[in-house]
Amino acid sequence: MKTLKFTAILLFMSLMACKNTDKKVEVVESLTTYNIETAKTYAELSIKEGGHWEGREYIDGTFKNINELKVPAEHTDHSWFIRYEGPGWESNKVGYRLYLDWRNCIDIFGKVTDSIILPKVGQDGFDSYHEKSDWGMDILKAGKGLGIGAIGRYVNKEVLHFNNVDSTFAKVENAIDKSTVSVNYFGWKTAEAKIDFNSVLTITPDQLYTKHTIQASKEIEGICTGIVRHDVNYFSKESTNKKWGFIATYGVQSLVPDKLGMAIFYEIETVSEVTEWEHDYLLVFKPSTKAISFYFLGAWEQEKDGIKTEAEFLSYLDEKLNELNNTNSLK
């Protein structure tokens, strides 16, 4: 039986070390064995090696999975360096990917199978995952928005992305009960502020949602997350005890096109404003240096045994909202 190996080593790095100009790709040997054929979650990061940079593009080379990466200064959107443009993570229900460049949005891989699919994605051509295959396809058009559950900064009625960052480090980890993507951004500059920022994305078996835990090094206004705007129904709800709430959209908004639901659950006391702008429905967080957690999800009608109607989607959201209000977390 085939297995893949992943590290259990924690990534320790000082701010000074992170801000150096060394472009070396870090590849860490694994110490534990993870059986992908029986797994219900998986996270991966795959880059090209054996080629070379020509300006912003990586030419030639072959993909190799790694556990940790300091993003090269040359890397940007469509550099052909990272397979499907960033780290990916999935449960047996759904998959996600983070654009590990200035866009920093999160996309959805719709799955028609409950098997692990990410090792197949993007192996047969850079844009191949935009076409339907035996595992499913990329189903979300993020455009200039945040996609689903990504981070930006809302300043002067505009969401600022990660255009100006001193250095970015990414790491993936896999365990029996969860898979995790961690990203550390050093020197993220937006408007007048420059901060360090940490993002941890965790997915668990049998679930649609990702838990996203964020933390800023300084208190600044405008850190936000959101859902990309399409021409479909929008919903928002707060629990009667004012502990948790959600924003959501549902309708024909996938790239197929067919029905897709998206939602974010948030702790009400952490949010200063629920708003919108041209490209996204937004949750704006209160300034804080404490860790803040929220949950986001995509629910595609072609998912195996999945949610197929708006009524089913809203019922699912109410169920999860009730769980959050009673336990303050989702299992």
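Using θ = phi - 60° and the Karplus curve 6.51 cos²θ - 1.76 cosθ + 1.60, what whole-Hz ³J(HN,Hα) does each residue of the stretch 232-245 get, with Gly and Pro shown as x?
9, 6, 10, 9, 9, 7, 10, 5, 5, 8, 6, 9, 10, x
Computed from the mean reciprocal separation of all distinct C-alpha pairs, what Kirkwood hydrodynamic radius does the chain have, in Å?
Evaluated over the chain, this radius sits at 20.1 Å.
Any chance you could list P(r) for the stretch 161-220, counting all Cα-Cα pairs in 5 angstrom bins from zero, rounded to whole %?
Spelled out per bin, shortest first, that is 4, 17, 24, 19, 14, 10, 8, 3, 0.
Using the beta-carbon distance between residue 232 and residue 73 and R0 = 45 Å, what value does 1/(1 + (r/R0)^6) give for FRET efficiency, to the nearest 0.05?
0.70
Sort 105, 224 so the one with the fewest other Cβ atoms within 10 Å of its own Cβ comes first.
224, 105
If I stretch the segment between residue 312 and residue 274 completely, what's the gain in nm (0.36 nm per residue apart, minus their alpha carbon distance), one decimal? If you can, show how the numbers build up before the last one.
Working: separation 38, 0.36 × 38 = 13.68 nm, distance 2.44 nm.
Extending this stretch completely gives an extra 11.2 nm.
At 0.36 nm per residue, and after removing the present C-alpha to C-alpha distance, how many nm does the segment from residue 239 to residue 288 gain when stretched out fully?
Here the answer is 15.3 nm.
For residue 160, what residues show an amide H to amide H distance below 5 Å, using hydrogens built from the backbone and excluding near sequence neighbours?
When sequence neighbours closer than 5 places are left aside, the close amide H contacts are 153, 154, 155.
Would you list 301, 74 from fewest to most Cβ contacts within 10 Å?
Taking fewest neighbouring Cβ atoms as first place, the list is 74, 301.
Whole-Hz ³J(HN,Hα) for each residue in the stretch 84-92, computed from phi via Karplus 6.51 cos²θ - 1.76 cosθ + 1.60 with θ = phi - 60°, x for glycine and proline: what do you get?
My calculation for the stretch 84-92 gives 6, 6, x, x, x, 8, 8, 10, 6 Hz in order.
Relative contact order (percent) for the stretch 4-327, with alpha-carbon contacts under 8 angstrom and 6 or more residues of separation?
On the way: 818 pairs, mean separation 48.2, N = 324.
It rounds to 15 percent for the stretch 4-327.
What's the exposure ranking of 242, 120, going from fewest to most Cβ atoms within 10 Å?
242, 120
A short reminder: the numbers here are calculations on the coordinates, not readings from a lab. The model shown is predicted, which means the values in this text are computed figures rather than measured ones. Cβ coordinates were reconstructed from backbone atoms using ideal geometry, including for glycine residues, and neighbour counts include every protein chain displayed.
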